[in-house]
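Read through the structure below, which is laid out as structure tokens, and then see the notes.
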Amino acid sequence: MTTLANQAGCLNTAIEVDEQMPAWSVQPCGDRCLVVVFDERDVARSNAAACELARLLIEARLPGVSDIVPSMAGVGVHYDPATLVLNRPSAHAWDILARQVEAVIGEVRITGGTATREVVIPVCYGGEYGEDLEDVARQCKLTQDEVIAIHSGSSVSVLMLGFAPGHPYIGMFDKRLQIGRRTTPRTAVPRGSIGLANRQTVIYPSVIPGGWSLIGRTPLSMFSAHREIPCLLNAGDRIRFKPITREEFIALEAQEAQP
């Protein structure tokens, strides 16, 4: 998320809220978005803070705020300036919102138990659904079964949604799954593909380009504009991957396709 230089007269603070809270700053991004940026030196801690702040801001329902967008280590707050200054025409919309957001930041506590829910994601690993699994195992000096066991063996967090609608970044996985991205990206990755890189996983919500190694595929739909809640996952969710057979995949895929 790109931020612009601080506008004249606007707040730009960086403080520690408590021992667990990473340092943060409030910055403008254009004239209709405010961004809270957390210290990225500890990505896990900053991501936990970003997810918790996003949850609190959604609950706060601040006047004039149209959207809350958590990222890997920050939160974007989109707003309507006219609504913010409706009763205070001489005030600066950004100043009003910055102070309101800072008050909510003061309520953030990272306890390790703030996940909204745990979601089980069925995955058919390897073969036609995960053509890079063998190469991933070779790079990690593991067997394919060991890669699957590590990838599905513990719950991990949805760090953010981005790149495409409903596209989750999930991590962090065991250090044994530390591999880089592919040298040559694919121009079209099948929907539902499970990609692995940098101890993280992505799930491709549609047929899009991608450079992550493909180790499996889920029959679940990550995004549908026809659902009341279009995205299946949210930042802060806990994920557990469940290995399934090819036959189970086909059955679940058919079930998912039903209206």
Please go through (1) at pLDDT 95 or above; (2) of a type in the set (D, E, K, R); (3) loosely packed, with under 15 Cβ neighbours inside 10 Å for R117 and return the number of the only condition it doesn't satisfy. (1)
Of the conditions (1) in a loop (DSSP other than H, G, I, E, B); (2) farther than 15 Å from G130 by Cα, I170 clears all except one; give me its number. (1)
Conditions (1) crowded, with 18+ Cβ neighbours inside 10 Å; (2) in contact (Cβ under 8 Å) with a residue 60 or more places away in the chain; (3) among the small types (G, A, S); (4) out of contact with any Cys (no Cβ under 9 Å at 6 or more places or on another chain); number of the one not met by G166: (4)
Give all pairs with beta carbons closer than 9 Å in which a residue from the stretch 197-216 that is of a type in the set (D, E) meets a residue that is modelled with pLDDT of 95 or more; count only pairs at least 6 apart in sequence or on separate chains. none
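Residue-wise test of (1) touching a helix residue (DSSP H, G or I) at 6+ places or on another chain (Cβ under 9 Å); (2) of a type outside the set (S, T, N, Q); (3) assigned by TED's automatic domain parsing to the domain that holds V43.
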| site | (1), (2), (3) |
| --- | --- |
| G130 | yes, yes, no |
| E146 | yes, yes, no |
| M160 | yes, yes, no |
| L177 | yes, yes, no |
| G210 | no, yes, no |
| S221 | yes, no, no |
Matching entry among V207, V202 (being in contact with a strand residue (DSSP E or B) (Cβ under 6 Å, 6 or more places away or on another chain), more than 23 Å from L177 (Cβ to Cβ) and not charged (D, E, K, R)): V207
Output the residues belonging to the stretch 203-244 that are modelled with pLDDT of 95 or more, among the hydroxyl-bearing types (S, T, Y) and farther than 10 Å from P122 by Cβ. Y204, S206, S213, S221
Scanning the stretch 213-255 residue by residue, those farther than 22 Å from R181 by Cβ and hydroxyl-bearing (S, T, Y) turn out to be S221, S224, T245
Can you tell me how many residues within the stretch 183-210 are within 19 Å of the chain's Cα centre (by Cα) and surrounded by 15 or more Cβ atoms within 10 Å (Cβ to Cβ)? 18
V123 meets each of (1) surrounded by 13 or more Cβ atoms within 10 Å (Cβ to Cβ); (2) out of contact with any Phe, Trp or Tyr (no Cβ under 6 Å at 6 or more places or on another chain); (3) at pLDDT 95 or above with one exception, condition (2)
Filter the stretch 64-85 down to residues that are within 30 Å of I170 (Cα to Cα) and in contact with an Asp or Glu (Cβ under 7 Å, 6 or more places away or on another chain) and give me whichever is surrounded by the fewest Cβ atoms within 10 Å (Cβ to Cβ). S66
Within the stretch 62-84, of all residues that are among the hydrophobic types (A, V, I, L, M, F, W, C) and assigned to a loop (DSSP other than H, G, I, E, B), the one farthest from E52 (Cα to Cα) is L62
Among the helices (runs of 4 or more DSSP H) confined wholly to the stretch 85-160, which include 1 or more residues that are among the β-branched types (V, I, T), out of contact with any strand residue (DSSP E or B) (no Cβ under 9 Å at 6 or more places or on another chain) and closer than 27 Å to S46 by Cα? 93-105, 144-152
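Considering each of R61, R99, R88, R41 in turn, give the residue that is at positive phi, surrounded by fewer than 17 Cβ atoms within 10 Å (Cβ to Cβ) and not assigned by TED's automatic domain parsing to the domain that holds A149.
Criteria check complete, one pass: R61.
The values are calculated or read from the model by the stated rules, or taken from the named source; none is laboratory data. Small disclaimer: the values here were computed from a predicted structure and weren't measured. A quick note on method: Cβ atoms are made from the backbone with ideal geometry, for glycine too, and the neighbour counts reach across all protein chains shown.
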